[in-house]
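One structure is given here, and the rest of the page talks about it.
The values are calculated or read from the model by the stated rules, or taken from the named source; none is laboratory data. All values derive from a computational prediction rather than experimental measurement. Counting neighbours? That spans all protein chains shown, and the Cβs are built from the backbone with ideal geometry, glycine included. Note: areas computed on protein heavy atoms with side chains; ligands, DNA, RNA excluded. Shrake-Rupley method; radii C 1.70, N 1.55, O 1.52, S 1.80 Å.
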Amino acid sequence: MKRTLSLVFILLIASFVVFAGGAKEAAATDPDAPVTLTWLVSQTSAEVDDDAEVVKMIEDRFDIDLKTWYVDGKNFKQNLNVRFAGGEMPDILVVDSTSELAQYVDGGVVAELPIELIREKAPHYAAVADANDQGDLWSTMSYKGKNYGVANPMEQVPMALFYRKDWLDRLGLEVPTTLDEFHDVMLAFVNDDPDGNGKNDTAGMGERTFNAIFGAYGLRCVTGGNPNFKVEEMQLGNDNVPFFPYITDRAKEVLALLHEWYLEGIIYKEFVTGENHGGYNWLSHAFMNGEIGVTCAQPYHYLTASTDTSDPKNWGVCMQEFKALNPDADIVIGPAPIGPDGESGTEGWNKVGRLTVITTKCAEDPRKVEKFLEMLDAYYSDPEYAQLVNYGIEGKHFEKTDYGNVRIMEGTDLRKEGVLQVDFGSTVYFAENVDDTKTKFGHEVTGNGYWRFNAPATEEFSSVIATLDTMTEQAYFDMIIGNKPISYFDTFVEEFKKAGGAAAEKAVQDAYAARFN
């Protein structure tokens, strides 16, 4: 089970403990001292050095004492909830979904942040949000008639498929464009010794490419940095009605196909454990180690702003690791394969996010709330500040090149320096004013994206989504591997609906429709 402790129970305990402890803290605060602001950007890979130069620059600008939280990434949510239960709480928190938002609000962890206050204290953010609101941005953080935090208008590009070009060249194959061609290339990667070692030890793909196969059938699928199927990320249909893609008839077709491919050896036999086995989350060790011939990631994870693979300055962190292990190997970007009805596409990240909230601890001190909104507004009005918190210091953390800003420090080392700890992601403002070269390249090499849909926060959804997530993950793994027949899909759908899926889907549909009435 994904949760061994009741989240609601933990949060109720946390709200009581933090209320008592927070009041004492507020009473003892020196009004003339810098405001202490603690921030948890979400799951991160390193503890931040309080004396890092970037941290000090942020502190000096806003006259704050910045403390960034670190929670062990293994069993992140459980570890975070245990800290909540122990009375610990940051001031600023990034939540993963609106279902999580509802849980934290009900548990007393997340505090109201009125839209009127946001508009007053963060006018530049408000202007960008207004310009990019299609009816679901300002309303994203609404729950039970109140606003909780800020959603950020994002400029995102879909995932890209990365193939072992040296494998394709050795076998005389072209980058596939259709699903049938993709299957043939994958089968050649299994049977025709693409690495030339004389052994039958290669597969075609792992779980990160599943999203492109679902996309060929018009469905959004998310396995993310881990192989878990993320049911909480629903899909918005062409009719503007949200739905669970994992229980549709088309999903059954995809599962049948993936099962066939698993039997053919196309799917990496260890896909249940994931392509990543530690370190930077988007490293695909199966791809780097020559166990599979294609993987899927954001373009910049491998190439920064050009398809040129010969220049190390154009290499993203994943390409750097890949070339370190395979100096003579090469990659090529390919399109999402076109399915039987002409559909194609890959997973796209959130167009409305990241979802950043203030906690009840933060709300006890109005100065902390104002500092947070001041930092938010700076990210939407000052490119140099946005660049600092996202890239760090030129010459130390990144350098300016013909490819745009290129990191010279990555992963945990970068995060230890305080970079990527208080930023708001690739917002439309950031993409246009800081990352324009990378953004343009990303759109050039990708196609359709199936974007994340933030389900409106409802009790019916938030109370059952963890159960539905676990049910779906187990059923999908069983059917792909063959532990259960594909006919089991109908039983799974029935159980999914009875476990609260039907009520959750209806509640989300009603809440979403209400936004536009």
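A few points about this structure:
- Count - residues of region 105-114 that are open to solvent by less than 50 Å² (accessible area, probe 1.4 Å) and closer than 27 Å to residue 380 by Cα: 6
- Selection of helices (runs of 4 or more DSSP H) fully inside region 418-517 by the criterion of at least 2 residues being over 22 Å from residue 99 (Cα atoms) returns 428-433, 436-445, 465-481, 488-496.
- For region 61-96, filtered to residues that are without any contact (Cβ under 8 Å) to a residue 60 or more places away in the chain, more than 17 Å from the chain's Cα centre (by Cα) and part of a helix (DSSP H, G or I), the residue that is nearest to residue 421 (Cα to Cα) is 80.
- Residue match in region 378-385 (condition: more than 29 Å from residue 229 (Cα to Cα), among the small types (Gly, Ala, Ser), touching a residue at least 60 places away in the same chain (Cβ under 8 Å) and out of contact with any Leu (no Cβ under 9 Å at 6 or more places or on another chain)): yes
- Considered as a group, the residues in region 414-443 that are of a type in the set (S, T, N, Q) and open to solvent by 30 Å² or more (accessible area, probe 1.4 Å) include one that is modelled with the highest pLDDT, and that residue is 433.
Matching residues to (1) free of Cβ contacts under 8 Å to residues at least 12 places away in the same chain; (2) open to solvent by 40 Å² or more (accessible area, probe 1.4 Å); (3) in contact with a strand residue (DSSP E or B) (Cβ under 8 Å, 6 or more places away or on another chain):
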position: 333; (1), (2), (3): no, no, yes
position: 338; (1), (2), (3): no, yes, yes
position: 343; (1), (2), (3): no, yes, no
position: 351; (1), (2), (3): no, yes, yes
position: 356; (1), (2), (3): no, no, yes
position: 364; (1), (2), (3): no, yes, no
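- Residue, modelled with the lowest pLDDT, within region 381-413, restricted to residues that are touching a strand residue (DSSP E or B) at 6+ places or on another chain (Cβ under 7 Å) and open to solvent by less than 20 Å² (accessible area, probe 1.4 Å): 406
- Unmet criterion (only one of (1) part of a loop (DSSP other than H, G, I, E, B); (2) buried (at least 23 other Cβ atoms within 10 Å of the Cβ); (3) aliphatic (A, V, I, L, M)) for residue 175: (2)
- Residues that are touching a residue at least 24 places away in the same chain (Cβ under 8 Å), crowded, with 21+ Cβ neighbours inside 10 Å and not in a loop (DSSP other than H, G, I, E, B) within region 289-320 comprise 292, 294, 295, 296, 297, 299, 300, 302, 303, 314, 318, listed in sequence order.
- In the set (1) open to solvent by less than 70 Å² (accessible area, probe 1.4 Å); (2) over 29 Å from residue 231 (Cα atoms); (3) modelled with pLDDT of 90 or more; (4) in a loop (DSSP other than H, G, I, E, B), residue 49 fails one condition alone, (1).
- Residue satisfying all of: in region 212-251; of a type in the set (Val, Ile, Thr) and part of a loop (DSSP other than H, G, I, E, B); nearest to residue 282 (Cα to Cα) among these: 223
- Condition check for residue 274 on (1) under 20 Å from residue 480 (Cα atoms); (2) open to solvent by 30 Å² or more (accessible area, probe 1.4 Å); (3) among the small types (Gly, Ala, Ser): one failure, at (2).
- Whenever a residue of region 395-408 is of a type in the set (A, V, I, L, M), its partners that are open to solvent by 60 Å² or more (accessible area, probe 1.4 Å) and not in a strand (DSSP E or B), lying with C-beta atoms within less than 8 angstrom and at least six residues away or across chains, give the pairs 406/313; 408/396.
- Residue identified as aliphatic (A, V, I, L, M), within 30 Å of residue 500 (Cα to Cα), out of contact with any Ser or Thr (no Cβ under 9 Å at 6 or more places or on another chain) and open to solvent by less than 50 Å² (accessible area, probe 1.4 Å) among 187, 258, 236: 258
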